[in-house]
Amino acid sequence: MHQLRCFGCGARIAGGDARPDFRCAVCGELFEVEYPGWVERKGPERPNPGALKWLWRERRSSSEALDHSGVWRFRELLPILDNFGDAVNLFEGNTPLYRLTRAAKRLGIDQLYAKHQGMNPTGSFKDTGMTAALSVAKERGFEWVACASTGNTSAAMAAYAARAGLKSLVLIPDGKIAWGKLSQAMDYGAVTCQLKADFDGCLTLLTQIVNEAPIYLLNSVNPYRLEGQKTPAFEIAEAFDWNVPDHLIVPGGNLGNSSALGKGFRELRELGLTARMPKISVIQAAGANPLARCFRENQATVLEPMEAHTRATAIRIGNPASWRKAARAIQETGGWCLDVTEAEIAIAKAEIGAEGLGCEPASAVTLAGLKKLRAEGKIRSNETVVLVLTGHTLKDADYTIDFHRGTLLDAEEAAGREAEIAALQRNAQVVEANPAAVLAAMKDSAR
Ligand code: F0G
């Protein structure tokens, strides 16, 4: 049903023939999953768009476990398993699409939405990819799975591995991941190694390990991860009755997610389920901006790896593996790649929190990026915008508390934004246990 096509030289191999590091033996690039049947099956043999749309919606009320998954509900578009009964399923996907009314008003946009992927079972968008790739690992008989991670991939992998009865190995940068995420890997029983290396160093080391031992690599270099992570594109299109929004704004770290969403929207258009693709824009933190730089400097032809620094630790990545795929998604749709500062991220995160949603710092780059795109006149007031919120606010509670206590940003980072920050801060107060003191605290906050 499927094969792998090298993104660099176009070489095609069978799914089971990939090297353990998922790099092309000819040119070293990454692979993409493709389904030759879709091209070969012309005319009435092609998947019928109307029938698929009806089937996927019907499955939402089905009692089958597989149909409850927002990934496997769309299984006709990801036939990567020999037997769908092998799917390891935590009822991922089917995440909410919220309207952001206050931010929309401030920005002068009519229609602004947040697709909250942090509402997945382990609290991040990684679950949609993990159900896909870990199911392949299980079907192919692996005992061990592994990933390098800034925290969310490891949380998702450990959970799905535990469900499947597989053993999992996690490599994370020591001291540079949020506690919530580390605690998940422990809770789900992974072998967790904190390395004196950054994310990029962890991934390089893991690549050496999987080339020596029979361990299945579950980073987003694994093309099956992207097959799962493309399904939010289907959900978004479905939510808009198959008229896609004008803009999709995604955070960029290792750049698997933007690549996957691009693939999802591309396939919908190729199969005739939608008429066009949204403009896909990728936003990075200014201290971890290799793709934004390479768009600025050389139209994304050469990416210069960098040492990355940002408190949005999920996207603290200097040598993103999937940058070419993400660059294609941006370029083919006419989107942009920008970077935003630490203060812009912190403010945007607090604004998303104040709308009752909340998200991780890495997710908040989307709103910060939207503000810039809007200021640069790249998004019109009558266009529809969807921000992809990638992680749950409770993943990194330390960041949130530091922001509200005023200890997150140093004076230089906050320079010029002090009033804006102060207006958003809601620090907890120690108050005497009597009604007058509590009422006084309420009065104080109204000032
Ligand atoms: N947002 C969150 C919350 C993330 O955890 C990540 C990546 C991204 C955005 C960026 O996505 O890498 O596909 O461009 N986290 C990875 C991890 C690297 O290990 O959990 P990307």
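Values for this structure:
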read-out: Arg269 being away from the ligand (no atom under 16 Å from the Cβ) and either in a strand (DSSP E or B) or out of contact with any helix residue (DSSP H, G or I) (no Cβ under 7 Å at 6 or more places or on another chain) (or both); value: yes
read-out: Residues located in the range 215-264, provided they are among the small types (Gly, Ala, Ser), touching a Ser or Thr at 6+ places or on another chain (Cβ under 7 Å) and surrounded by fewer than 24 Cβ atoms within 10 Å (Cβ to Cβ); value: Ala237
read-out: So Leu171, is it within 12 Å of the ligand (Cβ to nearest atom), touching a strand residue (DSSP E or B) at 6+ places or on another chain (Cβ under 8 Å) and closer than 23 Å to Arg316 by Cα; value: yes
read-out: Pairs where the first residue, in the range 429-447, is modelled with pLDDT of 95 or more and the second is part of a helix (DSSP H, G or I), C-beta under 7 Å, 6+ apart; value: Val431/Ala437; Val431/Val438; Val431/Ala441
read-out: First in the range 144-158 and in contact (Cβ under 8 Å) with a residue 24 or more places away in the chain and assigned to a helix (DSSP H, G or I), second anywhere and among the hydroxyl-bearing types (Ser, Thr, Tyr) and more than 7 Å from the ligand (Cβ to nearest atom), Cβ under 6 Å, 6 or more apart; value: Ala155/Thr122; Ala156/Thr122; Met157/Ser168; Ala158/Ser168; Ala158/Tyr188
read-out: Selection count, the range 287-310, where residues are more than 13 Å from the ligand (Cβ to nearest atom) and in contact with a helix residue (DSSP H, G or I) (Cβ under 7 Å, 6 or more places away or on another chain); value: 7
read-out: So Glu344, is it over 19 Å from the mean Cα position of the chain (by Cα) and in a helix (DSSP H, G or I); value: yes
read-out: Candidates Ala156, Ala132, filtered to the one that is touching a strand residue (DSSP E or B) at 6+ places or on another chain (Cβ under 9 Å), among the small types (Gly, Ala, Ser), within 30 Å of Gln194 (Cα to Cα) and within 16 Å of the ligand (Cβ to nearest atom); value: Ala156
read-out: Hey, Gly256 farther than 25 Å from Ala308 by Cβ, within 14 Å of the ligand (Cβ to nearest atom) and at pLDDT 95 or above or not; value: no
read-out: All positions within the range 381-423 that are surrounded by fewer than 22 Cβ atoms within 10 Å (Cβ to Cβ), more than 16 Å from the ligand (Cβ to nearest atom) and of a type in the set (A, V, I, L, M); value: Ile401, Leu409, Ala411, Ala414, Ala415, Ala419, Ile421, Ala422, Ala423
read-out: Long-range neighbours under 9 Å by Cβ, at least six apart or interchain, first residue under 19 Å from Ala364 (Cβ atoms) within the range 403-423, second basic (Lys, Arg) and part of a loop (DSSP other than H, G, I, E, B); value: His404/Arg426; Leu408/Arg311; Leu409/Arg311; Leu409/Arg417
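The values are calculated or read from the model by the stated rules, or taken from the named source; none is laboratory data. Computed from a predicted model, the values in this text were never measured in an experiment. Here Cβ is always computed from backbone atoms with ideal geometry, including for glycine, and neighbour counts include all displayed protein chains.
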